[in-house]
Amino acid sequence: MITQALAQAVLAAALETGGDFSELYLEDTESNDLSMMGGTVENAAYSRRHGAGVRVLKGTRYAYAYSADTSEAALLATARAAAAAIAGDERYTPKTFAVNDCRKAPVIAAADVNNAQRINWLREASKAAKDHSPEITQTIARLADVDQRVLICNSEGVFAYDRRPRTRITVQAVASDGTQTQTGGRSPGRGCGYELFDTVDPAELGLQAAKSAVTMLHAVDCPSGVFPVVIDGGFGGVIFHEACGHSLEATSVSRGNSVFCGKLGQQIAASCVTAIDDGIMPGEWGTIGVDDEGTPSRRRVLIENGILKSYMVDILGGRRMGMEPTGSSRRQDYTFAPTSRMTNTFIAPGKDDAEEMIRTMGDGLFAASMGGGSVNPLTGEFNFAVNEGYWVKDGKILCPVRGATLIGKGHEVLHNIDRVGPDMWMAPGMCGSMSGSVPTNVGQPRIRVSSIIVGGKGGAL
């Protein structure tokens, strides 16, 4: 992507005005996106993004500039543009590079798969969904792949390559009875190429999406009140990600905008809760070889048996906090400066029986599938939709319910988790923050929250 000599020259140019740290990020990303509605192809697109960004730090101040032109002249001009915003008396010289090459090619690259095959997978999924029930009135399917190749180098001697392939298929089914509609969906994805389909069956995805849609079409409105709630694994982990994970990022902690500031070594969750951010899980959606500052990715225990063990820290956040980076810096692309973000974040498996959680909960909600929501990192307050829920009466599943929401504060919910099951699984998503949208995995085993506010429009069941 660039010679070491040119990289050194760019980093040196960025330090000409007195910065104490400089960084060069180069990116070359190819992507394919194919979408289908009602079994008919709606869009087929290929795109390529190429460019570079230069960041200069002086203490806890920074400047960032970027360019789609990666010629020598443009890179030097970009470096000096960033440097122009920084002034200092000392002059720093970039250190000698130590090369770290983390590039791993996909087993089946996007170039080895033609659009005819992509269309066939989507049609399999769409047909299976449509054939499930006459109440399925529409199907939507999408297949997308990304192959991101990056080089990160900095004045501290980092010269790191990484390659990050990702592939994901999404299937949605719409069910209607003529007066109302409900949607069900499935959306698996992994940090790999088209070997994804060695383990993913498009027809099964379509069938499961349709079943969810039809089930929710015939559901009743969820009651409201304070109840125990059992939350299933996979995307159920989005509550921890949003309500707690963001509050453990240096982006929030370093500015004093987190409920977990100054709480390292303290009990912040029930003793059955261990939470991990692991950027090196093989083939997972959020896996990276190095972060977007060139720091090697790693496994970070955030909470261990309820005790806060670590934050997720980037270089700038580390300077503010007096901590070393943890391989947690990420950015959407070269147009964004990096900041601390999650990778594959999950509640670790426990020892509690998954069925016993429901049998002993009395009356409450089983949240089989979670949707999106909103959270305030400063207060931990959250509101999340339940895509597929079931009402539990006297420890037995009574009926499906719709329109349920979970409302609370992340730091309070952590203390109210009283059961953690033995089997953990993950689900992919895209996480937005000040450094753009990045691929992150969320996950957990089935867990039980002993008490949480459930929002709904229904009466007692």
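Just so you know, all these numbers are worked out from the coordinates, no wet-lab data involved. Here the structure is a predicted model, which means the values were calculated and not measured. Here the Cβ is made from the backbone with ideal geometry for all residues, glycine too, and neighbour counts use every protein chain on show.
Relative contact order, percent, of region 289-332 when contacts are C-alpha pairs under 8 Å separated by at least 6 residues?
43
Please list, in order, the residues from region 272-290 whose amide nitrogen is less than 19 Å from a point placed 7 Å along the Cα→Cβ vector of Thr360.
Residues 272-274 qualify, since their backbone N sits under 19 Å from the label point.
Using modelled backbone amide H atoms (1.01 Å from N, in-plane), which distant-in-sequence or interchain residues come within less than 5 Å of Glu156's amide H?
Distant-sequence amide H within range of Glu156: Ser22, Lys95.
For region 422-446 and region 272-335, write down the distance between their C-alpha centroids in whole Å.
Value for the Cα centre distance between the two parts: 13 Å.
What are the lysines whose alpha-carbon lies under 21 Å from the alpha-carbon of Lys58, with same-chain residues fewer than 8 places away excluded?
Partners found: Lys95.
Sort 126-133, 394-401 by packing, meaning the average of other beta carbons within 10 Å per residue, with the highest value first.
Highest mean packing first, the order is 126-133, 394-401.
Magnitude of the Cβ-charge dipole of the chain, K/R +1 and D/E -1, about the Cα centre, nearest 20 debye? Mind dumping the intermediate values first?
Numbers: 44 positive and 51 negative charges, 92 e Å.
The dipole of the chain has a size of about 440 debye.
In nm, to one decimal, how far is the modelled label at Asn305 from the one at Ser176, with both set 7 Å along Cα→Cβ?
5.6
Ranked from highest to lowest mean number of other Cβ atoms within 10 Å per residue, what is the order of the peptides 353-362, 42-51, 316-325?
Output ranking for 353-362, 42-51, 316-325: 316-325, 353-362, 42-51.
7 Å from Cα along Cα→Cβ at both Thr137 and Asp221: what's the point-to-point distance in nm?
It works out to 2.1 nm between the two label points.
List the lysines whose alpha-carbon lies under 26 Å from that of Lys396, not counting same-chain residues fewer than 8 positions away?
Hits, sequence-local ones excluded: Lys211, Lys351, Lys457.
Net charge within 14 Å of Gly362 by Cβ-Cβ distance, Lys/Arg positive one each and Asp/Glu negative one each, not counting Gly362 itself? Don't skip to the answer; put the middle values down first.
Working: positive: Arg359, Lys393, Lys396, Arg419, Arg448; negative: Glu356, Asp363, Asp394, Asp418.
In short, +1.
Taking the convex hull of the Cα atoms, report for region 1-49 its projected area averaged over all directions, in nm².
5.3
Applying the Karplus parametrisation 6.51 cos²θ - 1.76 cosθ + 1.60 with θ = phi - 60° to the phi angles of region 104-120, what ³J(HN,Hα) value in whole Hz is obtained for each residue in order, glycine and proline being reported as x?
Rounded to whole hertz, the list is 10, 6, x, 5, 10, 6, 4, 5, 8, 10, 8, 5, 4, 5, 4, 4, 4.
With no solvent and one equal point scatterer per Cα, compute the Debye intensity ratio I(q)/I(0) for region 317-461 at 0.12 Å⁻¹ and report its log10, rounded to two decimals.
-0.61
Can you pull a Stokes-Einstein diffusion coefficient for region 220-455 at 25 °C (0.890 mPa s), Rh from Kirkwood over Cα pairs, as a whole number of µm²/s?
Using the Kirkwood radius from Cα pairs, D works out to 139 µm²/s.
For region 386-432, what percent of Cα pairs sit more than 18 Å apart?
62
Could you tell me the relative contact order of region 186-318? Use alpha-carbon pairs under 8 Å, at least six residues apart, and round to a whole percent.
Relative contact order comes out at 26 percent.
Contact order normalised by length for the chain, with contacts defined as Cα pairs under 8 Å and 6 or more residues apart; what percent is it?
For the chain, the relative contact order is 16 percent.
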